[in-house]
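K.L.:
Encoded as C-alpha cells, here's the structure I'll be asking about.
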Amino acid sequence: MATNDDPNAKKIVATNRSARHDYEVLDTVEAGLVLRGSEVKSLRDAQVQIKESFARFDQGEAWLIGMHIAPWGTSGVHDLAEPDRKRKLLLHREQIERWRMRVDLERLSIVPLSLYFSGGRAKIELGLARGRTKGDRRQAIAEREAKREADQALGRSRKRGED
C-alpha cells in the first residue's frame, strides 16, 4: 500500500502569529537548529513556545534566545535540557554577516515566524523585521479591512454579472 506522504513536506509545529502584527517583516530566511534528542521529541509533540523569542549575533554565530521547549516527560537526568536555554542557529556565514550588518545599521530585529520539520530536520523561519508603532498597526488593519471590502464588492459584482 503506497502513501502520498512527501518526505520533504513541511510539518508545522509552531507559528508566531503576533510577529506579523507587531513587526513589518522585510526579509525571511530558513535556519536549522542545534537541539538535543529530548528537545526534538518535545518539538514533535508541539510542546514549544516561540512567541517571546528572538535571535542575536554573538562572535560570528547566530543564537535563538527565549524559545521555550518543554522537557520531555521520560528523559533521564543526564539528558535533561534547560527549557529556555539559548540555541545555536545554523546559517551560512554570508547570511549571518548580511543580516548582522542590516540589524546594526537599520536597527532591525530578528523574530521567529514559524517552526517546522522539513525532511525530518527541525527548521525555523526567521524574519528580519522593523517594529511597528501603534499607529502603524492601526493603519495596517485599516488597509487590510479596505482590501477585504473591495474584494467582497468585486465578488458581488461578478456574481450579479453571471446571473
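The values are calculated or read from the model by the stated rules, or taken from the named source; none is laboratory data. Just so it is clear, the model here is predicted, and its values are computed rather than measured. So basically every Cβ, Gly included, is an ideal-geometry build from the backbone, and we count neighbours across all protein chains shown.
K.L.:
Restricting to the stretch 134-148, give me the number of residues that are more than 25 Å from the chain's Cα centre (by Cα) and loosely packed, with under 10 Cβ neighbours inside 10 Å.
P.N.:
The total comes to 0.
K.L.:
Still on this structure: Check whether at least one residue in the stretch 127-142 is out of contact with any Lys or Arg (no Cβ under 9 Å at 6 or more places or on another chain), in the same structural domain as F57 (by TED's automatic domain parsing), modelled with pLDDT of 95 or more and outside any helix (DSSP H, G or I), and report yes or no.
P.N.:
Taking every residue of the stretch 127-142 in turn, none turns out to be out of contact with any Lys or Arg (no Cβ under 9 Å at 6 or more places or on another chain), in the same structural domain as F57 (by TED's automatic domain parsing), modelled with pLDDT of 95 or more and outside any helix (DSSP H, G or I).
K.L.:
Out of the residues in the stretch 61-85 that are more than 16 Å from the chain's Cα centre (by Cα) and at pLDDT 80 or above, which is farthest from T15 (Cα to Cα)?
P.N.:
Of everything passing the filter in the stretch 61-85, E61 is farthest from T15 (Cα to Cα).
K.L.:
Could I ask something else about it? Suppose we filter the stretch 21-65 for residues that are in a helix (DSSP H, G or I) and polar (S, T, N, Q); how many remain?
P.N.:
Number of matching residues: 2.
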